[in-house]
Amino acid sequence: MAVTTQDLVTFVTAYAEVIAANRAYLIDLDAAIGDADHGENLDRGMKAAMAELADAPDEVAPAEVLRRVATALVSKVGGAAGPLYGTAFLRASGALRGKPALDAPDVVAAIGAGLDGVVARGKAVAGDKTMVDAWEPAARAAEQAVSAGTPLAGALAAAADAAEEGMRATVPLVARKGRASYLGERSAGHQDPGATSTAMLFRAMADVAARGTGGGGPAEPAGQA
């Protein structure tokens, strides 16, 4: 399965729609342990990203799609979400530079580069109760699946499952990074909003890949009751 520029645009569109649909949910999660702006900021950023893509020439390379998303997120989003997601998309773009279409190892490389960007920008590691808790297991699952010969759609489904498991695992954690860390022990018992939006990102990615291979329709957004 080759991933084209249009596939990436479809993925970004799907993620923007999921974030818009879950804006209030993400706000509620962030209100419990943060400053209640994660859903609002990320929704604004993804709308800006869609505007950037609408203005793009018809034949841009896959890397340019991700670069434009990164630019929109960094320039339009406040709080932590813009710099973190912007860095992730920018690093992923760099990993794909010069490629007219992507194979499964390319996608794995982009996911890994995105994780490296998040870690470098946020100085967080797994267990800190951040988006890394969802992104790291997703990257590992995708890499392992592709290395084992799993087709890309299956590898991305495994990544999405791993991201959602990591998201749920943030509930009992005590935050060590970000605004939630100010709460200390009181941050335990709440699901991290950044890990939740990350799980939504990987589920959107998996759903687009599944539809492209006849693998079924979209699943329920991550974390929703």
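Quick grid of which residues meet (1) open to solvent by less than 20 Å² (accessible area, probe 1.4 Å); (2) within 20 Å of Asp35 (Cβ to Cβ); (3) in contact with a strand residue (DSSP E or B) (Cβ under 9 Å, 6 or more places away or on another chain); (4) assigned to a loop (DSSP other than H, G, I, E, B):
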position: Leu66; (1), (2), (3), (4): yes, no, no, no
position: Gly79; (1), (2), (3), (4): no, yes, no, yes
position: Pro83; (1), (2), (3), (4): no, yes, no, no
position: Arg91; (1), (2), (3), (4): no, no, no, no
position: Gly94; (1), (2), (3), (4): no, no, no, no
position: Arg97; (1), (2), (3), (4): no, no, no, yes
position: Gly114; (1), (2), (3), (4): yes, no, no, no
position: Arg121; (1), (2), (3), (4): no, yes, no, no
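Residues in the stretch 28-45: is at least one on the phi > 0 side of the Ramachandran plot and either surrounded by 16 or more Cβ atoms within 10 Å (Cβ to Cβ) or without any contact (Cβ under 8 Å) to a residue 40 or more places away in the chain (or both)?
Checking the stretch 28-45: at least one residue is on the phi > 0 side of the Ramachandran plot and either surrounded by 16 or more Cβ atoms within 10 Å (Cβ to Cβ) or without any contact (Cβ under 8 Å) to a residue 40 or more places away in the chain (or both).
Hey, can you tell me all the residues within the stretch 15-24 that are buried (at least 20 other Cβ atoms within 10 Å of the Cβ) and either over 16 Å from the mean Cα position of the chain (by Cα) or more than 12 Å from Val69 (Cα to Cα) (or both)?
Val18, Ile19, Asn22 - these are the residues of the stretch 15-24 that are buried (at least 20 other Cβ atoms within 10 Å of the Cβ) and either over 16 Å from the mean Cα position of the chain (by Cα) or more than 12 Å from Val69 (Cα to Cα) (or both).
What's the total number of residues in the stretch 125-136 that are crowded, with 24+ Cβ neighbours inside 10 Å and not aromatic (Phe, Trp, Tyr)?
6
When you look at Leu102, is it more than 21 Å from Ala24 (Cα to Cα), in contact with a strand residue (DSSP E or B) (Cβ under 6 Å, 6 or more places away or on another chain) and either open to solvent by less than 30 Å² (accessible area, probe 1.4 Å) or free of Cβ contacts under 8 Å to residues at least 40 places away in the same chain (or both), yes or no?
For Leu102, the condition - more than 21 Å from Ala24 (Cα to Cα), in contact with a strand residue (DSSP E or B) (Cβ under 6 Å, 6 or more places away or on another chain) and either open to solvent by less than 30 Å² (accessible area, probe 1.4 Å) or free of Cβ contacts under 8 Å to residues at least 40 places away in the same chain (or both) - is met.
Identify, by number, the condition in (1) under 9 Å from Lys129 (Cα atoms); (2) of a type in the set (D, E, K, R); (3) modelled with pLDDT of 95 or more that Arg176 doesn't meet.
Answer for Arg176: the failing condition is (3).
Please verify whether Arg140 is without any contact (Cβ under 8 Å) to a residue 40 or more places away in the chain, crowded, with 17+ Cβ neighbours inside 10 Å, out of contact with any strand residue (DSSP E or B) (no Cβ under 7 Å at 6 or more places or on another chain) and not hydrophobic (A, V, I, L, M, F, W, C), treating the condition exactly as stated.
For Arg140, the condition - without any contact (Cβ under 8 Å) to a residue 40 or more places away in the chain, crowded, with 17+ Cβ neighbours inside 10 Å, out of contact with any strand residue (DSSP E or B) (no Cβ under 7 Å at 6 or more places or on another chain) and not hydrophobic (A, V, I, L, M, F, W, C) - is met.
Quick test of your reading of the structure: Gly223 fulfils all but one of (1) under 23 Å from Ala20 (Cβ atoms); (2) modelled with pLDDT under 95; (3) buried (at least 24 other Cβ atoms within 10 Å of the Cβ). Name the failing condition by number.
(3)
The values are calculated or read from the model by the stated rules, or taken from the named source; none is laboratory data. Fair warning: this is a prediction, and the values are worked out from it, not measured in the lab. Note: ideal-geometry Cβ built from the backbone for every residue, glycine included; neighbour counts use all protein chains shown. Only protein heavy atoms, including side chains, enter the accessible area calculation; ligands, DNA and RNA are left aside. Shrake-Rupley method; radii C 1.70, N 1.55, O 1.52, S 1.80 Å.
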